[in-house]
Amino acid sequence: MSIPEMVKELESLEKVKIRGSLSIEDLVRRQIDRCNMSIAAADPSIFEGNVRALMKHLPTNKLKEVIGKQEEFNSTVEGYVFKETCGYNIGTVKNPFVSVPGHPEWEFFLDIPKPYREAHMDEIDILSPIKTEETVTDYEKLYEIVLQSFEGLGLTWNIERRTVEMGRVIKTGIPDWFVNEAEQAIVGVIMKARTKDSKLNEITYNLLVEELRERTPATPVM
């Protein structure tokens, strides 16, 4: 049987229902992987969504601890919202567009005389720009705090062990031929195992790869 035929056969067997369920440790590690892969994504909302999803795996008491540290990852940013006309902002921060109730000649005005402005500031309604405050979340800091919470639960040691085993940042990309040969080798092992024992027909490519992910054999040094 050729490699393409074996791959096709394996794909047809991927529909086999997986028995049991993933442990919380597996779910957490997978979600951390998603966070790590999306931290430099062009769309920051992907990383933000992954961090929020990771937080949902925290026990209630740990989640409360994280929320209790919000001053570390949340900050308040002031801004202004302008009204526009013909694509241009109306008013400025120092000289806003205002309305003075009871004074028809100043109903909509850009410059109220300074003496009146100082004496009747409470009567002047600023129309543009309107000062706003927005809470901004530093998701990288939040991610760091969430990871610390999981470390306290002992759920991230496997990921840390893999990071230490690598020892350095890998700058060389994996060539296609390398990936293809590894894939073919795994497919060949699965097919050989199924030939020896029909009970192993339920073992799919994805299941075997996930099992291998939990191991950290030493990388051969040439």
* **3J(HN,Hα) from dihedral phi, the range 59-74, Karplus parametrisation 6.51/-1.76/1.60, rounded to Hz, x for glycine, proline** => x, 3, 5, 6, 5, 5, 5, 5, 4, x, 9, 4, 5, 7, 10, 10
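Please compute the net charge surrounding Ala53, taking Lys and Arg as +1 and Asp and Glu as -1 over other residues with Cβ under 11 Å from its Cβ. Write out the running numbers ahead of the final one.
Working: positive: Arg30, Arg34, Arg52, Lys56; negative: Glu48.
Net local charge, Ala53 excluded: +3.
Read-outs: derived from the displayed coordinates by stated rules, not from any lab. This structure is a prediction, so every number in the text was calculated from the model and none was measured. Neighbour counts are summed over all protein chains in view; Cβ atoms, including those assigned to glycine, are modelled from backbone coordinates with ideal geometry.
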